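Here's the structure, in structure tokens; my notes come after.
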Amino acid sequence: MTIQIAPSILAADFARLADEAAAVASVADWLHVDVMDGHFVPNLTIGLPVVEALSKHASLPLDCHLMIEDPDRWATGYAEAGARSVTIHAEAVQSPVRTLRMIRAAGSRAGLAVNPGTAVEPYADLLGEVDMLLLMTVEPGFGGQPFLDLVLPKIRRAADLITRRGGSIWLQVDGGVSAETIGRCAEAGADVFVAGSAVFGADDPAEAVNGLRSLAVSSNPGLSRH
Ligand code: DX5
Ligand code: ZN
């Protein structure tokens with residue numbers, strides 16, 4: 001497994017998005033884009049026009065995390081707007097198989113996210129339809145929240161499910177991931193790490209990405225550097 005770091009632009013300066021993206025372009029693997037609609041979560045962020053603009057100006061591939069109602073209707077649009085990966089929430093989607101297949105058909109990787117209180121086992125049969133499973137390690141909606149250790153056993157169970165299936169599904173964690181917590185996530189089996197405040201809240205975002213990557217690698221000898 002290769003570890004990947006996805007800085008979340010939610011913690012970046014929205015008035016200088018292209019510059020903020022450029023600051024991590026040579027060291028990160030993805031740019032994580034949090035799309036919130038003020039309904040599925042109580043916060044409102046950005047939508048398709050910003051993703052379209054970013055996909056033209058950012059060199060990193062975009063990892064769009066849709067925290068919106070009715071992802072069945074909107075997910076394909078994000079894939080067509082240039083997102084290399086589109087993740088929908090299990091709690092919001094009505095027709096997961098159809099929507100995940102539509103994301104893949106539009107040329108993107110398909111992700112399925114679950115909130116801290118949502119079990120992963122009911123989605124075991126859908127693993128063939130996904131390229132990435134996202135386990136939220138905070139309640140979605142805001143950056144800068146404390147990491148929820150209660151999700152760690154679920155990370156282990158999800159990693160087991162993926163290993164038993166024998167596929168190459170990525171296991172992403174998002175929320176409160178920092179120098180203090182990334183080791184626990186890596187040790188439990190996560191391999192894609194979203195970090196907002198820990199990267200864009202740092203004096204040197206690129207150095208923060210490198211530091212997080214080193215900590216993840218040293219916490220799980222089975223993970224390698226990109
Ligand atoms: C929260 C978002 C996260 C957020 C993480 O709902 O999905 O991607 O940006 O921010 P930090 O790393 O600050 O917890
Ligand atoms: Zn996110």
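Among all residues of region 197-208, there is at least one that is within 16 Å of ligand 1 (Cβ to nearest atom), at pLDDT 95 or above and under 25 Å from residue 39 (Cα atoms). Scanning region 131-153 for residues that are surrounded by 19 or more Cβ atoms within 10 Å (Cβ to Cβ), away from ligand 1 (no atom under 13 Å from the Cβ) and under 13 Å from residue 121 (Cβ atoms) yields a single hit, 133. Restricting 173, 217 to those that are within 15 Å of ligand 1 (Cβ to nearest atom) and either β-branched (Val, Ile, Thr) or in a loop (DSSP other than H, G, I, E, B) (or both) reduces the list to 173. If you go through region 124-162 and keep only what is touching a Leu at 6+ places or on another chain (Cβ under 9 Å) and over 21 Å from residue 63 (Cα atoms), you end up with 124, 151, 154, 161.
Would it be correct to say that residue 177 is of a type in the set (Val, Ile, Thr) and buried (at least 21 other Cβ atoms within 10 Å of the Cβ)? Yes, satisfied.
Residues in region 38-73 that are in contact (Cβ under 8 Å) with a residue 40 or more places away in the chain and among the β-branched types (Val, Ile, Thr): 1 in all.
Filtering region 23-61 to residues that are surrounded by 15 or more Cβ atoms within 10 Å (Cβ to Cβ) and either in a helix (DSSP H, G or I) or at pLDDT below 95 (or both) leaves 23, 24, 48, 50, 51, 52, 53, 54, 55, 58. For beta carbons closer than 7 Å, sequence separation of 6+ or different chains, a first residue in region 1-19 that is farther than 16 Å from residue 209 by Cβ and more than 12 Å from ligand 1 (Cβ to nearest atom) and a second that is of a type outside the set (Phe, Trp, Tyr) and at pLDDT 95 or above, the qualifying pairs are 1/191; 13/20; 17/9; 17/54.
The values are calculated or read from the model by the stated rules, or taken from the named source; none is laboratory data. Not measured: the values here are computed from a predicted model. All Cβ positions, even for glycine, are placed from backbone atoms using ideal geometry, and neighbour counts span all protein chains on display.
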